[in-house]
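See below for the structure under consideration.
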Amino acid sequence: MLPPFELLEPHSLDQALKMLATSESVPLAGGTNLLPDLRARGEAGGRFISLAALDQLHGIEHSDSRVLMGARTTLSDILHDPLMPTAAPSLVSMAKVFAGSMVRNAATVAGNICYGSPSADVVPPLLSLDAELTLASAAGERTLSLNDFLLDYKKTARRPDELLISVAWAPPTTATANLFYKLGRRRGDAITVVGVAVTITIENGNCTKARIALGSVAPTVFRAQEAEEALVGGPLTATTIGTAAQAAAQASRPIDDIRASADYRRHAVHMLVRRLLTEAWQTAGSQHD
Amino acid sequence: MTDKETQMITEKRVDIQVNGQACEITVPAWRTLLEVLRELGHKEVKCGCEKGDCGACAVLLDGKVVDSCLTLAWNAAGRSVTTVQGLGGPDNAHPLQTAFIEHGSAQCGYCTPGMIMAAKALLDDIPEPSLKDIKRGLSGNLCRCTGYTRIFSAIQAAAETLRQQETTS
Amino acid sequence: MNRIESPAAGTANLQLRQVGKPLVRTDSPTKVYGTAVYAGDLTMPGMLCAAVLHSDRASALLRHVDTSRAEALAGVHCVLTAADLPPSQGVMTDMPGQTGGLTKNTKQPILAKDRVRFCGEPIALVAAENAAIAEQALRLIDIEYEDLDGIYDPFDALAPGAPIIFGDDNVVASYKVRKGDIEKGFAEADFIVENTFTTQYQEQAFLEPEAALAWVDEHEVLNIRSSTQVVEHYRAVADAIGLPHNRVRLRAEFVGGGFGGKEVMTIEVWLALLALASRRPVQLVQPRERSFLSHGPRHPFTMTHRTGVSGDGKITALQIKLTSDAGAYAKLSPYILLYATVGATGPYRVDNLHIDSVSAATNNLPACAFRGFGTMQANLACEGQMEEIAKLLGMDSMEVRRRNFIHTGDANVTGQIIRSAVWSDQCATQALATLGERPTDTQTTRIGHGVACYQQSYGRIRWMKDSSEAWVGVEMDGTVIVRSAVTDIGAGQSSALAQITGEILGVPMDQVVVYFGDGAVTPLAGTSTASRALYMSGNATKMAASQVRKNLLSCVAGYFGVKIEQLDMCDSQVFIIDDPQRSIALKDCVKLCAAEGVHRHNLAIFRAPTSEGIDPETGQGEVFPDFTYGAHAAQVAVDIETGEVKVLKSIGAHDVGQAINLRAVEGQVEGSALMGQGFALCEELILKQGRLQTGSLSEYLIPTSEDVPEIKAIVLESRSGLGPFGAKGIGEPVYAPVAASIANAVADAIGVHIFELPITPEKVIKALREKESTK
Ligand SMILES: Cc1cc2nc3c(=O)[nH]c(=O)nc-3n(C[C@H](O)[C@H](O)[C@H](O)COP(=O)(O)OP(=O)(O)OC[C@H]3O[C@@H](n4cnc5c(N)ncnc54)[C@H](O)[C@@H]3O)c2cc1C
Ligand code: FES
Ligand code: FES
């Protein structure tokens, strides 16, 4: 049972932004984070702005240089988009192991990002693709990188009057491998114990760009930048991969919780980063052989 | 924004088609579709957790499967809902229902209404699902009794029946 | 009432036409069409909604409970606390439904008074116009606690000087088994293997949380319709609130899963009190989080085996110590400990044996019945130990098992002679063979095969003096009715009675109507627990149906001028076996009986074998009617980098005696394969200072569709059981070996045994690291 709350139902983005600007309120997208939270809290109060009718936030556009995904894109939309397997392979792998079908039909990309959870599965793939976010308020729009958006545990750069309206990134080239792995305590519908996304570009046998994004091992999803740096500039060898994996584990700041200990999480980061990098090197590297 | 505009609208009339039948109910914003459906007498929609963990409350909303416990009734306004009873009954059983009966896919039966709706959505989406597709399609529907295997086999059988119906019609 | 001495009477010339076949269960259509009614689906005019306030402290004095603000809330009809309860001040939580003697007298307060002993203990009940008001009222109840030290570990509870939670010494129960000469046995041993195994709390996680509806009717009878495994709780409800037994009527609806969690009384007594206080119908549907607090999970056990073995793998002596955490109240802990004690040597014969078992009270959640009932925990240790012995001896573990298997005619732990078939070897061999070839290891995965056997009782403890009644009758139009108060908890309990009756009276099972689960109007059947429902009610139903058959056939025999033995019944016809053209429709046969004043119905009682208990010093005596034997085998792939375990194949092979409904039997095996996998790998109620950390289905993880391996059920039939047609109980037995087989498979894969369940990725990594460092 949900406690009483107020729900505003704007019909346009402008109206929604006006409401956000003038009344203390919280956007409600798929509700798959907010409604369980409300139920657990059990206390009446709060004002929500339903984003259900805002058509402007729907849709995925693909061009050669850019993928633009509306904020209300659901996890199911990602799975159903025919171009997504090349536009963001890691995002598709992620969507396949995200919750169950019902939640996938409701859960939105914006909700996942804006909730700011360290275990948000949408974030590592997008972070590894250098995604940019467009936020809108009654005062105008701004764009910032997803990396800059994530501040701390359930803390983001979103101002209370802003809505996330879209997410954009450059689709990986054929020379790029983009992988994701989710480790959970069971195979279906589980909160992530460790999530890893990597994006590796190999040109002329050398790694020219590396992104390693880690979920559930720090107060927020983050990029292991030292590990990334250890990879760029040469071919990926067992040694460089090992160094990077080690660096990623060291950069993690996990906690002990009911799902796993900090120690184990760090170990799993090490193993999974090594594994995904090895696989990335094999797939991206082979494009040139 | 004026005070009037932000004034709390506590209740709203919601029109929903449930299994083809027009229903109207006046509810506050915080009522879920699950509560409303059960209030309307649709007790076939079960409740196992009220927060998206079990799938017992799954129904089709405009053809898409949702957890009705995580759907606000207001958001279902003007849309159509299908429950397992809307899928078919003894006189017009849906192939999924026939297969669930024949394969012994229901034990305690509590997960069954939600399971069948998730299966329906899966077959609408992927008419020839692999075992992998089926497992993925049902991962939000918990069953504690069956070990799922007979649910999988029933879905495969129903898919086959539906395919045959397709080719003969 | 007729009493037939042998269940076989009247069915001598019966050929099986329905029994053993995979027929559609009678309860399937209604469940699949969504018309089946569960307790939470019921409504009544004027019905109130209830809510329960559970303590959020594990150990505290209740200084003050103030309900005045809640009572003042508009729409609240009543608020009850311990102060409002009748003087009995407790509800019986002993083995439910029993009619025999020797109860442990385990009363538990209905609502906490003065003191709370576990986090989740009920303190107050509310009935209000609707659920929202009831919830709001809960938040308006003011409680002043004074925290006390708590004990959260059974070993701490047993230590001298520990604060007392239960009795004089926190010992909820203890047993001793002394058999043979253990010193001599150890002296004869070539090796001694000692290991300690631990298991965790497991939550039943049935999909339907507790639900019930209660009201007082026009005859001043208190009615309760509930999701329960036991309609005989009407007696405990009546005793608790001071009503005569005949003024409480309990009906069980279709139960959305029980697994033991709806065995001991849960919410019925609360609703009874609210209905009496408000004089309105009151319904309670527990939200999932409170469901976790409303029944008892599986007991955590610590089990130490010290085994003496000869060089050829024969067990020469075995010393076992079992300790279970009962939690704050006894509930069924004494019985569960007894089951664990009897099951401690698994399906093996051990002549020199010491067992010391104890169940200790703590301020944790009171644990209670769960499929397997102590036996499966005990079996896990036993089967893990088999592997360790084999490893030490460098022998194949199946070979070690073979050298020690108990056989028909041998005495078990308590000296009871096993009379039915023991097909452990056949079952294990078939299960293992069905795993097939091992896939090859990869750089990062290791494949393992594991097997586990078991011995699990079915039927009640003998000194419960168990019985079950059933009524079978034929209507004038030839249709058949069965009346049995058996509860239908999802395994096809009512359908099985239709199938048995249909078999004997020659009518298709879907034309038999079974009225079940009504404590007032269907003959009492006992409980759907202890894998006894089919054994007991199946026998009673078979007896009643057989008597009806006899009566009908005797009329037809006279009509045709033949002997009863020359007749058979099939397709609602009675016919002469050698001349099938000469037949009479069942409905005409019924008319014949009616005209002659012969009973077309029968009420039968089936009694299980009884005994008077065990010797407290030696543990010797007859404890159970009989046992089921079988095995489970698993193939796993272990990721040695991340520690993840994936079960690839899961095969159960069991001697079920006689399958009544083959499909239902397979369904039990398949369901238990996944439930056991959950216990082995991912399920764990975590308590921190008594407070539940995993109290919802997003933290307590049961296996999903994505976790399903290839599952197969192999059904063997020795026809040697005590159930109808030689059936054995299977509901719990098929579950008993699963977790052990997976634990053994993991050990096989990584070369080191993990003694502590669940086997999380983390524990796998730890075990591998330790193995590495001891190299
Ligand atoms: C059973 C279950 C399983 C789940 N499994 C997973 C899983 O596997 N992986 C995972 O990562 N998560 C999982 N979740 C969590 C949740 O589904 C996701 O985080 C989801 O993406 C949230 O999206 P939503 O649209 O439902 O968000 P909401 O609940 O509607 O909102 C979440 C937050 O985002 C804000 N917000 C939403 N949209 C906007 C916007 N456009 N602009 C600004 N702020 C916005 C809201 O104000 C709120 O703070 C699960 C949840 C459930 C109930
Ligand atoms: S009740 Fe909706 S998912 Fe469990
Ligand atoms: S049949 Fe009981 S939960 Fe699925």
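Given the residues B:G109, B:G104, B:G86, B:G63, which is the only one that is more than 16 Å from ligand 3 (Cβ to nearest atom), modelled with pLDDT of 95 or more and at positive phi?
B:G63
Restricting to segment C:13-51, and then to whatever is of a type in the set (D, E, K, R) and under 27 Å from the mean Cα position of the chain (by Cα), can you tell me which residue is farthest from B:G114 (Cα to Cα)?
Checking each candidate, the answer is C:K21.
Quick one: which helices (runs of 4 or more DSSP H) lie wholly within segment C:375-445 and hold at least 3 residues that are under 25 Å from C:G643 (Cα atoms)?
It comes to C:375-393.
How many of the residues in segment C:188-230 are among the polar types (S, T, N, Q) and either free of Cβ contacts under 8 Å to residues at least 24 places away in the same chain or closer than 26 Å to C:P758 by Cα (or both)?
Matching residues across segment C:188-230 total 7.
Provide a single number: the residues in segment B:124-152 that are within 15 Å of ligand 2 (Cβ to nearest atom), touching a residue at least 40 places away in the same chain (Cβ under 8 Å) and more than 17 Å from the chain's Cα centre (by Cα).
Number satisfying all stated conditions: 0.
If we scan segment C:42-52, do we find a residue that is in contact with an Asp or Glu (Cβ under 7 Å, 6 or more places away or on another chain), outside the structural domain of C:L692 (by TED's automatic domain parsing), in contact (Cβ under 8 Å) with a residue 40 or more places away in the chain and not in a strand (DSSP E or B)?
no
Can you list the strands (runs of 3 or more DSSP E) found entirely within segment A:135-202 that contain at least 1 residues being away from ligand 1 (no atom under 12 Å from the Cβ), farther than 23 Å from A:T22 by Cβ and within 14 Å of chain C (Cβ to nearest Cβ)?
The strands (runs of 3 or more DSSP E) meeting that bar are A:176-184.
Going through segment B:34-58 one residue at a time, which ones are touching a strand residue (DSSP E or B) at 6+ places or on another chain (Cβ under 6 Å) and either open to solvent by 10 Å² or more (accessible area, probe 1.4 Å) or within 16 Å of ligand 1 (Cβ to nearest atom) (or both)?
B:L40, B:G52, B:C57, B:A58
On the basis of being modelled with pLDDT of 95 or more, crowded, with 23+ Cβ neighbours inside 10 Å and under 30 Å from A:K18 (Cα atoms), does A:M94 make the cut?
No: the conditions fail for A:M94.
Of the residues that make up segment C:264-282, is at least one closer than 30 Å to C:L701 by Cα, touching a residue at least 60 places away in the same chain (Cβ under 8 Å) and within 16 Å of ligand 1 (Cβ to nearest atom)?
Taking every residue of segment C:264-282 in turn, none turns out to be closer than 30 Å to C:L701 by Cα, touching a residue at least 60 places away in the same chain (Cβ under 8 Å) and within 16 Å of ligand 1 (Cβ to nearest atom).
Looking at segment A:119-134 only, could you name the residues that are open to solvent by less than 20 Å² (accessible area, probe 1.4 Å), within 10 Å of ligand 1 (Cβ to nearest atom) and in a loop (DSSP other than H, G, I, E, B)?
If the condition is that a residue be open to solvent by less than 20 Å² (accessible area, probe 1.4 Å), within 10 Å of ligand 1 (Cβ to nearest atom) and in a loop (DSSP other than H, G, I, E, B), then A:A120, A:D121, A:V122 are the ones that fit.
Please go through segment C:157-200 and give me each residue that is within 27 Å of C:G621 (Cα to Cα), crowded, with 21+ Cβ neighbours inside 10 Å, in contact with a helix residue (DSSP H, G or I) (Cβ under 9 Å, 6 or more places away or on another chain) and of a type outside the set (A, V, I, L, M, F, W, C), ordered by number.
C:N170, C:Y175
Kindly list the number of the only condition in (1) assigned to a loop (DSSP other than H, G, I, E, B); (2) more than 7 Å from chain B (Cβ to nearest Cβ); (3) buried (at least 21 other Cβ atoms within 10 Å of the Cβ) that fails for C:R25.
For C:R25, the failing item is (2).
Residues of segment C:115-140 being away from chain A (no Cβ under 14 Å), on the phi < 0 side of the Ramachandran plot and open to solvent by less than 40 Å² (accessible area, probe 1.4 Å), which ones?
Answer for segment C:115-140, where residues must be away from chain A (no Cβ under 14 Å), on the phi < 0 side of the Ramachandran plot and open to solvent by less than 40 Å² (accessible area, probe 1.4 Å): C:V116, C:F118, C:C119, C:E121, C:P122, C:I123, C:A124, C:L125, C:A127.
Select from segment B:45-86 the residues that are of a type in the set (G, A, S) and in a loop (DSSP other than H, G, I, E, B) and write down the one among them that is farthest from ligand 2 (Cβ to nearest atom).
Looking at residues that are of a type in the set (G, A, S) and in a loop (DSSP other than H, G, I, E, B), I get B:G78.
Are there any strands (runs of 3 or more DSSP E) wholly within segment A:35-90 with 1 or more residues that are among the hydroxyl-bearing types (S, T, Y) and within 11 Å of another protein chain (Cβ to nearest Cβ), and if so which?
So the answer is A:47-50.
Would you check if C:Q456 is polar (S, T, N, Q) and in contact with a Pro (Cβ under 6 Å, 6 or more places away or on another chain)?
Spelling it out, C:Q456 is indeed polar (S, T, N, Q) and in contact with a Pro (Cβ under 6 Å, 6 or more places away or on another chain).
Does at least one position in segment A:180-194 carry a residue that is away from ligand 2 (no atom under 16 Å from the Cβ), over 20 Å from A:M94 (Cβ atoms), of a type in the set (S, T, Y) and modelled with pLDDT of 95 or more?
No: segment A:180-194 contains no residue that is away from ligand 2 (no atom under 16 Å from the Cβ), over 20 Å from A:M94 (Cβ atoms), of a type in the set (S, T, Y) and modelled with pLDDT of 95 or more.
What do you reckon, is A:L151 in contact (Cβ under 8 Å) with a residue 40 or more places away in the chain, open to solvent by 10 Å² or more (accessible area, probe 1.4 Å) and either hydrophobic (A, V, I, L, M, F, W, C) or within 16 Å of ligand 2 (Cβ to nearest atom) (or both)?
In short, yes.
I'm trying to understand the selection: among the residues of segment A:222-262, which are assigned to a loop (DSSP other than H, G, I, E, B) and open to solvent by 80 Å² or more (accessible area, probe 1.4 Å)?
Listed by number, the residues that qualify are A:R253, A:I255, A:D256.
Any residue at all in segment A:25-44 that's more than 13 Å from ligand 1 (Cβ to nearest atom) and either polar (S, T, N, Q) or free of Cβ contacts under 8 Å to residues at least 12 places away in the same chain (or both)?
No, that holds for no residue.
Checking the conditions here, which among B:I9, B:I16 is at pLDDT below 95, surrounded by fewer than 23 Cβ atoms within 10 Å (Cβ to Cβ) and not in a helix (DSSP H, G or I)?
After applying the criteria, what remains is B:I9.
If you check C:L592, C:L603, which single one turns out to be open to solvent by 10 Å² or more (accessible area, probe 1.4 Å) and part of a strand (DSSP E or B)?
C:L603
If we keep just the residues of segment B:70-96 that are of a type in the set (A, V, I, L, M), open to solvent by 20 Å² or more (accessible area, probe 1.4 Å) and over 22 Å from A:L35 (Cβ atoms), which is farthest from ligand 1 (Cβ to nearest atom)?
B:A93
Any residue at all in segment B:62-69 that's within 16 Å of ligand 1 (Cβ to nearest atom), over 23 Å from A:S76 (Cα atoms), open to solvent by less than 40 Å² (accessible area, probe 1.4 Å) and not β-branched (V, I, T)?
no
Against the definition (free of Cβ contacts under 8 Å to residues at least 60 places away in the same chain and either closer than 24 Å to A:H80 by Cα or within 16 Å of ligand 2 (Cβ to nearest atom) (or both)), how does B:L96 come out, yes or no?
In short, no.
Looking at segment B:99-123, which of the residues that are of a type in the set (G, A, S) and facing another protein chain (nearest Cβ under 7 Å) is nearest to ligand 2 (Cβ to nearest atom)?
Filtering first and then ranking leaves B:A118.
The values are calculated or read from the model by the stated rules, or taken from the named source; none is laboratory data. This is a predicted model, so every value here is computed, not measured. Backbone-built Cβ (ideal geometry, glycine too); neighbour counts: all protein chains shown. To get the accessible areas, we keep the full protein, side chains included, count just its heavy atoms, and leave off ligands, DNA and RNA. Shrake-Rupley method; radii C 1.70, N 1.55, O 1.52, S 1.80 Å.
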